[in-house]
Amino acid sequence: MSKTKLNYLLDAVIGLAFLLSAATGVAFLLMGDGGYQGGRNPGFATSLLGLSRGTWSDLHTWASLVMVAGVMVHLALHWKWIVCVTKKMMPSRSRRIEEQVCEVIA
């Protein structure tokens, strides 16, 4: 698989995980407080779109973990470029670093 296709696939996975995590976060806002309050909380056993609060929580957790893992892999794949650009942006005492060209391989 080419690096371009790998980057595209990885970005798609990160994007989908973000959307799922955001959607489940909004679902939690719509469901209200679900914590146990001695039997006085009518929202304790609420469901949204046929899914229980526990299912929404599991979806939110797993989507967030996939997103974090994807971002970590993304950073690892682009680490050389990140270091090179960071060096170019930092004030340096030598011209050698400024003359370096950051190689971007797609």
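The values are calculated or read from the model by the stated rules, or taken from the named source; none is laboratory data. Since the model is a prediction, treat every value here as computed from it, not as a measurement. As a convention, Cβ positions derive from the backbone with ideal geometry for all residues, glycine included, and neighbour counts pool all protein chains shown.
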Extreme residue, modelled with the lowest pLDDT, among residues of segment 52-106 that are farther than 17 Å from residue 11 by Cβ and among the aliphatic types (A, V, I, L, M): 97
Tally, over segment 1-34, of residues that are free of Cβ contacts under 8 Å to residues at least 24 places away in the same chain and aliphatic (A, V, I, L, M): 10
Any hit, segment 34-48, residues being surrounded by 12 or more Cβ atoms within 10 Å (Cβ to Cβ), at pLDDT 85 or above and touching a Leu at 6+ places or on another chain (Cβ under 7 Å): no
